[in-house]
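The values are calculated or read from the model by the stated rules, or taken from the named source; none is laboratory data. If you're wondering where the values come from, they're calculated on a predicted model, not measured in any experiment. All Cβ positions, glycine included, derive from the backbone under ideal geometry; neighbour counts span all protein chains shown. Heads up: the accessible areas ignore ligands, DNA and RNA and are worked out on the full protein's heavy atoms, side chains in. Shrake-Rupley method; radii C 1.70, N 1.55, O 1.52, S 1.80 Å.
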Amino acid sequence: MKIFTTREALQKHLQQARAAHKTIGLVPTMGALHQGHVSLIKQAQACNDEIICSIFVNPTQFNDPKDLEKYPRTIEADIQMLEQANCDILFSPDEKEMYDGNEQWHLDIGGLENLLEGKFRPGHYQGVTQIVYKLFSLVKPDTAFFGQKDYQQFLVISKMVELLSLPVKLVMCPIKREPDGLAMSSRNIHLTPDDRQHALTLSKTLDWIEGNFDAGNITGLKRNAELMIGNEPGIELEYFEIADGDTLLPAVEDSKKVVALVAARAGKTRLIDNVILSLKP
Ligand code: AMP
C-alpha cells in the first residue's frame with residue numbers, strides 16, 4: 001500500500017492512475033478503523049480499480065474540543081488493517097495540509113444539516129461538507145463510499161453533490177454490527193463493560209421497531225422506543241426519530257422511505273444507530 005501525507009504527492013500518483021484509465025474509489029474515514037470501515041473498502045474494490053482510504057480526524061466537524069482531543073487515533077493498527085484489506089492508497093494528511101488558514105467558509109445546503117445530529121452537534125455538518133468537498137476536489141473519485149451508520153451524513157453529502165453538480169457517484173454501504181448487535185464504531189473503545197452492555201438497548205430497540213413497524217402508528221412506536229431507551233440505566237437519550245428517509249422530517253404515513261434514527265450517550269460515549277424501515281417502490 002502506498003501512503004501519502006501531502007496533497008501534491010497524492011495528486012501526482014493519481015495523474016498516473018488516470019492516465020492508465022483506472023477508476024478511483026474513495027473511502028473517507030477518521031481512522032481507528034474497524035470491520036465497518038473494511039466493509040466499505042471491500043465494496044469500493046468491487047466497483048473501482050484503485051482504492052484510496054483517507055484518514056483525517058477533521059477538527060472542523062467537532063463542536064466539542066474535548067471530543068476532538070479524545071477521539072481515538074490508532075494509525076499503526078489502521079495501516080495494518082488497510083494492508084490486510086489490500087487497500088491501494090492511504091492518504092493521511094496533517095491538519096495544516098488540509099486547512100491552510102483560518103477558514104470560515106461553509107456550504108448552506110438548505111436546512112438538512114440543522115436537524116437531528118445537526119441540532120445536537122451545531123456546525124457538525126458544516127465541517128463534514130468542508131472536508132468532504134476538499135477530498136472530492138483533490139481526489140476527483142469516480143465513486144465515494146459512505147456508511148449507512150451515518151445516515152444523515154450520507155443525505156447531507158448527497159445534497160452537496162447534487163447542488164454543486166459534483167461528478168462523483170455516492171454509494172451507501174450497510175451497517176456492520178458486533179455479534180450482539182452493537183453497531184461498530186471507533187468510539188466503542190471508550191465504552192466500559194457496563195456502558196457496552198447498556199448500549200445494546202439502541203440496536204435492540206431498533207430491532208423491535210423494525211419487527212413492529214406500522215406506518216399508521218408512528219407516534220405510538222416512537223413513544224415506546226423512547227421509553228425503552230429512557231428506562232435503560234446508564235443511557236441518556238438525545239433523540240429517537242422515525243423520519244422520512246429523504247427529508248429526515250418526521251415520517252408521515254405515505255413516506256416512501258422511512259428510517260428510525262437514534263443518538264444516545266452510554267456513560268460518556270456518544271453513540272448513533274439507525275434502521276431503514278420501509279422502502280416503497
Ligand atoms: P468514521 O471514521 O467514523 O468517520 O467513518 C468513516 C466511514 O465509515 C463513514 O462513511 C461511516 O458511515 C462508515 N462507518 C462507520 N461505522 C460503520 C459501520 N459500523 N458499518 C459500516 N460503515 C461504517
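Return the residues of segment 108-123 that are open to solvent by less than 20 Å² (accessible area, probe 1.4 Å) and among the acidic types (Asp, Glu); say none if nothing qualifies.
Glu113, Glu117
Looking only at segment 131-141, decide whether some residue is in contact with an Asp or Glu (Cβ under 9 Å, 6 or more places away or on another chain), of a type outside the set (Lys, Arg) and either farther than 15 Å from Ala44 by Cα or open to solvent by 40 Å² or more (accessible area, probe 1.4 Å) (or both).
No - not one qualifying residue is present in segment 131-141.
Report yes if some residue within segment 1-23 is of a type outside the set (Gly, Ala, Ser) and within 15 Å of the ligand (Cβ to nearest atom); otherwise report no.
For segment 1-23, residues of a type outside the set (Gly, Ala, Ser) and within 15 Å of the ligand (Cβ to nearest atom): absent.
Scanning for something on the phi < 0 side of the Ramachandran plot, crowded, with 18+ Cβ neighbours inside 10 Å and among the aromatic types (Phe, Trp, Tyr), does segment 92-102 turn up at least one residue?
Checking segment 92-102: not a single residue is on the phi < 0 side of the Ramachandran plot, crowded, with 18+ Cβ neighbours inside 10 Å and among the aromatic types (Phe, Trp, Tyr).
Please find, within segment 7-25, the residue that is farthest from Asp94 (Cα to Cα) out of those that are of a type in the set (S, T, N, Q) and touching a residue at least 24 places away in the same chain (Cβ under 8 Å).
Per the stated criteria, the residue is Thr23.
Given the residues Gln15, Gln35, Gln80, which is the only one that is farther than 19 Å from Thr143 by Cβ and over 19 Å from the mean Cα position of the chain (by Cα)?
After ruling out the rest, the residue left standing is Gln80.
Give the residue that is nearest to the ligand (Cβ to nearest atom), with candidates limited to residues of segment 26-64 that are part of a helix (DSSP H, G or I) and of a type in the set (A, V, I, L, M, F, W, C).
Leu40
Identify the single condition in (1) modelled with pLDDT of 95 or more; (2) over 20 Å from Asp246 (Cα atoms) that Gly101 does not satisfy, given that it satisfies every other one.
Single failed check for Gly101: (1).
Please find, among Tyr71, Tyr99, the residue that is in the same structural domain as Gly123 (by TED's automatic domain parsing), aromatic (Phe, Trp, Tyr), over 18 Å from Arg187 (Cβ atoms) and out of contact with any His (no Cβ under 9 Å at 6 or more places or on another chain).
Only one candidate passes the filter, namely Tyr99.
Take Ile175 and tell me if it is within 12 Å of the ligand (Cβ to nearest atom), part of a loop (DSSP other than H, G, I, E, B), of a type outside the set (Asp, Glu) and closer than 25 Å to Gln61 by Cβ. So that I can check it myself, show each step before the final result.
On the way: within 12 Å of the ligand (Cβ to nearest atom): yes; part of a loop (DSSP other than H, G, I, E, B): yes; of a type outside the set (Asp, Glu): yes; closer than 25 Å to Gln61 by Cβ: yes.
When the stated conditions are applied, Ile175 passes them.
So, in segment 266-281, exactly how many residues are out of contact with any helix residue (DSSP H, G or I) (no Cβ under 9 Å at 6 or more places or on another chain) and closer than 24 Å to Met184 by Cβ?
Number satisfying all stated conditions: 1.
What pairs come out if I take residues in segment 42-71 that are open to solvent by 20 Å² or more (accessible area, probe 1.4 Å) and pair them with residues that are charged (D, E, K, R) and in a loop (DSSP other than H, G, I, E, B) whose C-beta lies under 6 Å away, six or more apart or interchain?
Asp49/Lys22; Asn63/Arg121
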